[in-house]
Amino acid sequence: FRGCHPAPMADKDARTLFMRQCPEGITEAMVRQSYASLGEDSVEKVKWAQKAGQFMGFGWVILKTTELAQRALKLPPPVIKGRRPNVSLKETQKKTETEKRAGALLSDNKQKRKNLGQEHTKLFVAGKTLTPVKWTEQML
């Protein structure tokens with residue numbers, strides 16, 4: 001029975017809705033009530049973004065299956081505490097080759113500094129700590 005078991009972690013992004021512009025004081029119970037029409041226990045988990053314990057106005061709703069997530073997206077956005085949050089499918093962050101290259105360079109330089117210890121300061125002053133890179137038009 002597919003509906004009885006949570007979906008595997010591999011498709012978690014495909015089952016996760018991003019909910020932004022949420023009203024202050026929104027609760028998990030309110031979100032679950034909004035999606036009750038999808039079926040009992042259709043919402044697996046609700047997570048709210050917080051910074052220093054303060055609600056940041058957005059969160060994620062993880063549904064049991066990808067099919068439920070697609071159905072939820074077709075519903076009109078729920079009205080919670082008089083506001084209609086913006087709901088979309090969570091977007092995965094896939095890095096481009098240029099971003100991967102830049103990240104790898106930064107990581108390499110960080111490791112070099114760590115390996116050099118105090119010697120890094122002397123090399124930094126002399127301008128010899130960065131890896132030279134030839135940037136192509138495509139990379140820019």
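Tabulated data for the structure shown
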item	result
Förster radius 25 Å - calculated FRET efficiency between residue 32 and residue 52 (Cβ-Cβ, nearest 0.05)	0.40
Quarter of the Cα convex hull surface for the range 26-85, i.e. its orientation-mean projected area (nm²)	4.1 nm²
Total charge dipole magnitude, the range 15-89, about the Cα centre, Cβ charges on Lys, Arg, Asp, Glu only, Debye to nearest 20	240 debye
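Laboratory data are not the source of any read-out in this text; all were calculated from the coordinates shown. Worth saying up front: this structure is predicted, and the values here are computed from it rather than measured. Glycine gets a Cβ as well: all are built from the backbone with ideal geometry, and neighbour counts include every protein chain shown.
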